[in-house]
Amino acid sequence: MCNRLLLAVSVLFAVSSFAHAQTAPQSASSRVPDLSGNWLAGPVVQSISLADPAGKMRGKEPDIPYQPWALAKMLSEYPATGPDGRYELTTDPWINYCEPPTLWRTYIQPARFIFVQTPDSVYIFHELMQSFRIVRLNSSHPKDPDPTWWGDSIGWYENGDTLVVDSIGFNDKTWLDQLGHPHTDQLHYIERYKRLNAGTMELEVVIDDPGAYTKPFTTRRQIKMATTPFLQNSWVCSVRENNLHKESLSDPAVAPRVNK
């Protein structure tokens, strides 16, 4: 399985290396930060808002500059968890259809991830849904990328201690967080991974989506070195098993109790 995954990574990398535009800036430092280790995102938060990570001010967060339609869209959704959680009615596409989560949602779940750094690319392997990303170093984006779940990612190193990942080319089918904050295919997603010490990394993200928000905004997380191993081949979202879980466990758990 491991060999097949590595082969798939190699093939995808080869296919993705075609004519580009929007060249990434070259780093002023030649030093490459060591991002090795088994990292664990968590604890779980509900919102992309730094001011309201628990989602208690849903729709009234002072740091999220909504376009009017984006606010209305978010408030029309039914989250599965959080203060407004309605699991039995949820419209979360990840829960209902096993569709991939957005990049931020992979870091607000209690799931591990690892970096594999090479001279040309950084590969980010996620325990969540057994997914991976390819970040081409000192490269550029296609002029007109086809919209995809994970977007097109390029990267570079800054100041000898930070990996910057610049991603565009997303579709508009996913939520930014657990609460249903939307985005459009204009989303420009910029991540900065900085290792603060041996056991701690900071992830800062800039969300720039003029289709849904009036200006860019920032969120961040601290990520810790995991004390338990990376789980392999154990976190797969199958539509069939997802339906079975809903029918056998979820629906009975939220069904109204009948008094006899």
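Every residue in region 53-66 that is part of a loop (DSSP other than H, G, I, E, B), open to solvent by less than 50 Å² (accessible area, probe 1.4 Å) and not small (Gly, Ala, Ser), please. Outline the logic, then answer.
Here is the first cut: in region 53-66, the ones part of a loop (DSSP other than H, G, I, E, B) are 53-65.
Narrowing further to those that are open to solvent by less than 50 Å² (accessible area, probe 1.4 Å): 54-55, 58-59, 61, 63-65.
Hits for region 53-66 are 58, 61, 63, 64, 65.
Within region 119-136, being open to solvent by less than 50 Å² (accessible area, probe 1.4 Å) and not in a strand (DSSP E or B) holds for 127, 128, 129.
Specify which of the listed residues (71, 5) is at pLDDT below 95, part of a helix (DSSP H, G or I) and farther than 19 Å from residue 193 by Cβ. Explain how you work it out, then say what you get.
Working: 71 fails: at pLDDT below 95.
Criteria check complete, one pass: 5.
For region 67-77, taking the residues that are over 20 Å from the mean Cα position of the chain (by Cα) and either more than 18 Å from residue 184 (Cα to Cα) or hydrophobic (A, V, I, L, M, F, W, C) (or both), the one that is surrounded by the most Cβ atoms within 10 Å (Cβ to Cβ) is identified as 71. Going by what's in this entry, would residue 198 be described as open to solvent by less than 30 Å² (accessible area, probe 1.4 Å) and either in contact with a Pro (Cβ under 6 Å, 6 or more places away or on another chain) or small (Gly, Ala, Ser) (or both)? The answer is no for residue 198.
Taking residue 164 as the residue in question, decide whether it is of a type outside the set (Phe, Trp, Tyr), touching a Phe, Trp or Tyr at 6+ places or on another chain (Cβ under 6 Å) and within 19 Å of residue 32 (Cα to Cα).
Numbers: of a type outside the set (Phe, Trp, Tyr): yes; touching a Phe, Trp or Tyr at 6+ places or on another chain (Cβ under 6 Å): yes; within 19 Å of residue 32 (Cα to Cα): yes.
For residue 164, the condition - of a type outside the set (Phe, Trp, Tyr), touching a Phe, Trp or Tyr at 6+ places or on another chain (Cβ under 6 Å) and within 19 Å of residue 32 (Cα to Cα) - is met.
If you check 218, 174 for being out of contact with any Ser or Thr (no Cβ under 7 Å at 6 or more places or on another chain) and either open to solvent by 10 Å² or more (accessible area, probe 1.4 Å) or in contact (Cβ under 8 Å) with a residue 24 or more places away in the chain (or both), only one passes: 218. Filtered by the rule that a residue be in contact with a strand residue (DSSP E or B) (Cβ under 8 Å, 6 or more places away or on another chain) and surrounded by fewer than 18 Cβ atoms within 10 Å (Cβ to Cβ), region 156-171 gives 158, 161, 171. Does region 82-92 contain at least one residue that is surrounded by fewer than 18 Cβ atoms within 10 Å (Cβ to Cβ), charged (D, E, K, R) and closer than 23 Å to residue 190 by Cβ? Taking every residue of region 82-92 in turn, none turns out to be surrounded by fewer than 18 Cβ atoms within 10 Å (Cβ to Cβ), charged (D, E, K, R) and closer than 23 Å to residue 190 by Cβ.
The values are calculated or read from the model by the stated rules, or taken from the named source; none is laboratory data. Predicted model, so just to flag it, every value in this text is computed and none were measured. Note that each Cβ is placed from the backbone with ideal geometry, even for glycine, and that neighbours are counted across all protein chains shown. When the accessible area is computed, the model is the full protein with side chains, heavy atoms only, and any ligands, DNA or RNA have been set aside. Shrake-Rupley method; radii C 1.70, N 1.55, O 1.52, S 1.80 Å.
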